[in-house]
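Novice: A single structure is presented below for examination.
Bear in mind these aren't lab numbers, they're just calculated from the coordinates by the rules spelled out. From a predicted model like this one, the values you see are computed outputs, not experimental measurements. For neighbour counting, all protein chains shown are included, and Cβ atoms are generated from backbone atoms with ideal geometry for every residue, glycine included.
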Amino acid sequence: MSLKRKDLLSLAPLSVDEIRLILETADSFKEVTGREIKKVPALRGRTVVNLFFEPSTRTRTSFELAAKRLSADVINFSPSSSSVVKGETLLDTARNIEAMQADIIVLRHSSAGAAETLARGVKSSVINAGDGWHEHPTQALLDLYTIRERGLSFDGLRVAIVGDVAHSRVARSNIQALTKLGAQVRLVGPPTMMPCGVEKLGVRVFYDLDEALQGAQVIMMLRLQLERQGRALFPTIREYARLYGLTAERVKIAEPGAIVMHPGPINRGVEIAPEVADSLSSVILDQVANGVAVRMGILYLMSGAN
Amino acid sequence: MDAGDIARALTRIAHEILERNKGVHGLALVGIRTGGVYLAHRLVRRIQDIEGVTVPSGELDITLYRDDLALRKEQPVLRRTSVPFDISEKIIVLVDDVLFTGRTIRAAMDGLIDLGRPAEIQLAVLVDRGHRQLPIRASYIGKNLPTSREEKVQVMLEEDGEDDRVVILKA
């Protein structure tokens, strides 16, 4: 079994076996990240380029650390400091990076499909680190890893994804992967933040949080993008927090021992109460720690010779 | 080699390890996945029978240290490394089933040193088939098996659901 793919753009085309291979590979790297010397020579001489057109601390740092712990050389590109401000197109930027012998390009972009466009245009492997509202596959994979690490099995697993589903690439990638693995996915949020026809992906839609939380084993909170507040998707932040914010009382509605996840950065007191974010049921920091191991696994699997 | 030959070779190696290191003090065994892990466990049991002490043992996956990763089209499946003790200042006996080019052992030594600084690394193998490509030699050898480079040596073990035996497959 191996990952016979040039790029990782979306979780939609991945088979269950491929997803499991990635998670099992990440197990080996989790052991490496627990060592005193957290570095292995597997990607020596390879070059990984982080091409981030949107601000990101967590994901970029996570990829950078993952690549460095595999002994790859890492270059970080961000638009403010590059020729993008001079009007260069995405593909031209990428071709220039490729001409410098980059083996893997990690792309974060505000337009859906940017990673796909890039992948068609360059010979290097492309990993989608978030493209618009489309997908964020490595985030979903690290979420799956964290769920599995807690001893939960995906078959029949009751997962509630809460918040602004429509504008969330994290939600979209998780829906793809979780339904594929046999989980029962429930989406909860205000109607203005629920994409039309999302039921076609094999999920159930709720508008009442308390109802959706009943029996949930995993509560996956999405970040409320406060910058969208001006677009009339919800009246006030206070109302949103009252209807869709996860409080300690609401966690009690879910299955005992349910875990609380959040892709970060969290808005304390908006979508998640501080006492929930810091509680024992919260695995938010495990998600961050596992992100490095999972991305090491993905970089390793995608680093086969071209 | 049949099951009896393998059993006798392992018993002799266990005695040799104890003789050379004057007992079990500071001793630990690390098997190289997959065959070496099974053989390391068997050696631990034999040392337990002789000395009454269970020496620490671990499992090493050398995949990430291979020297051909950059050349392969598809990356090999990783398995877990588990060395649940501090190897620093210990005498580590690496255990593998077949010693051939020596490249696996080079990778294993690099992998081991990333986990700490052992006092000494020794090497125990069930079969030494020759054709070294690196200046490496075993400290303990079950059997020297002259082979041609094209032949394949396969060690089959009960732990894999086979009868214990070593066979040479002609090219």
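Novice: Which whole-number percentage describes the relative contact order of the range B:1-92, with Cα contacts under 8 Å and a sequence gap of 6 or more? Don't skip to the answer; put the middle values down first.
Specialist: Details: 101 pairs, mean separation 27.1, N = 92.
This gives 29 percent for the range B:1-92.
Novice: Then there is this: Between the DSSP loop rule and a limit of at most 11 other Cβ atoms within 10 Å, which chymotrypsin sites (Phe, Trp or Tyr not before Pro) in the range A:141-206 are left?
Specialist: Working: sites: A:Tyr145, A:Phe154, A:Phe206; in loops: A:Phe154.
Hits after loop and neighbour filter: nothing returned.
Novice: Run the dipole for the range A:29-77 about the Cα centre, Lys and Arg Cβ at +1, Asp and Glu Cβ at -1, nothing else charged, and hand back the magnitude in debye, nearest 20.
Specialist: Details: 10 positive and 5 negative charges, 35 e Å.
Approximately 160 debye in magnitude.
Novice: Tell me, B:Asp160, A:Asp286 in order of fewest to most beta-carbon neighbours within 10 Å?
Specialist: Values: B:Asp160 11, A:Asp286 16.
Ordered by Cβ neighbours within 10 Å, fewest first: B:Asp160, A:Asp286.
Novice: What is the Å³ per residue value for the convex hull set by the Cα atoms of the range B:109-152?
Specialist: On the way: hull volume 4.3 nm³, N = 44.
In the range B:109-152, the Cα hull volume divided by residue count equals 98 Å³.
Novice: Run a plain Debye calculation on the range A:221-306 (Cα atoms as equal point scatterers, no solvent) and give log10 I(q)/I(0) at q = 0.19 Å⁻¹, rounded to two decimals, same order as the q list.
Specialist: -0.87
Novice: Considering only DSSP beta bridges where both residues belong to chain B, give the percentage that are antiparallel (nearest 5).
Specialist: Numbers: 6 of 27 bridges.
Restricted to chain B, the bridges split so that about 20 percent are antiparallel.
Novice: Let me see the P(r) profile for the protein assembly as shown: every Cα-Cα distance counted, bins of 20 Å, each bin given as a percent of all pairs.
Specialist: 22, 44, 27, 7, 0
Novice: Right, another one. Rounded, prolate or oblate, given the Cα gyration tensor of the range A:150-244, with a/c below 1.5 counting as rounded? Can you show the working numbers first?
Specialist: Working: a/c = 2.08, a/b = 1.70, b/c = 1.23.
Verdict is prolate for the range A:150-244.
Novice: Could you tell me what percent of the DSSP beta bridges with both partners in the range A:48-172 are antiparallel, to the nearest 5? Please report the intermediate quantities before stating the final value.
Specialist: Numbers: 1 of 15 bridges.
DSSP beta bridges in the range A:48-172 are roughly 5 percent antiparallel.
Novice: Based only on other Cβ atoms within 10 Å, what is the fewest-to-most ordering of A:Met194, A:Met221? Please report the intermediate quantities before stating the final value.
Specialist: Working: A:Met194 18, A:Met221 26.
Least to most surrounded, the residues fall as A:Met194, A:Met221.
Novice: For A:Glu239, B:Glu16, what ranking results if the residue with the fewest other Cβ atoms within 10 Å of its Cβ goes first?
Specialist: Numbers: A:Glu239 12, B:Glu16 15.
So the residues, fewest neighbours to most, are A:Glu239, B:Glu16.
Novice: Taking the Cα centroid of the range A:213-257 and of the range A:10-38, what is the distance between the two, rounded to the nearest whole Å?
Specialist: Result: 30 Å between the Cα centres.
Novice: Something else now. Within 10 Å of each Cβ in B:74-83, how many Cβ atoms from other chains are there, averaged over the peptide? Each step should come with its number before you reach the end.
Specialist: Working: counts 7, 10, 3, 7, 13, 4, 5, 5, 1, 2.
Mean shielding by partner chains, rounded to a whole number: 6.
Novice: What percent do you get for the relative contact order of the range A:113-199 when only Cα pairs under 8 Å and 6+ apart count?
Specialist: Working: 114 pairs, mean separation 24.6, N = 87.
About 28 percent, as a whole number.
Novice: Moving to a separate point now. If I take every Cα pair under 8 Å that is 6 or more residues apart in chain A, average their sequence separation and divide by the length, what percent do I get for the relative contact order?
Specialist: Working: 577 pairs, mean separation 62.2, N = 306.
Computed over chain A, the figure is 20 percent.
Novice: Right, another one. May I ask what percent, to the nearest 5, of DSSP beta bridges between residues of the protein assembly as shown are antiparallel? Don't skip to the answer; put the middle values down first.
Specialist: Numbers: 7 of 62 bridges.
Percent antiparallel among DSSP bridges in the protein assembly as shown is about 10.
Novice: Calculate how large, on average over all directions, the projected area of the Cα convex hull of the range B:29-171 is; give the answer in nm² to one decimal. Don't skip to the end; give the middle numbers.
Specialist: Values: hull surface 38.0 nm².
Reported value for the Cα convex hull: 9.5 nm².
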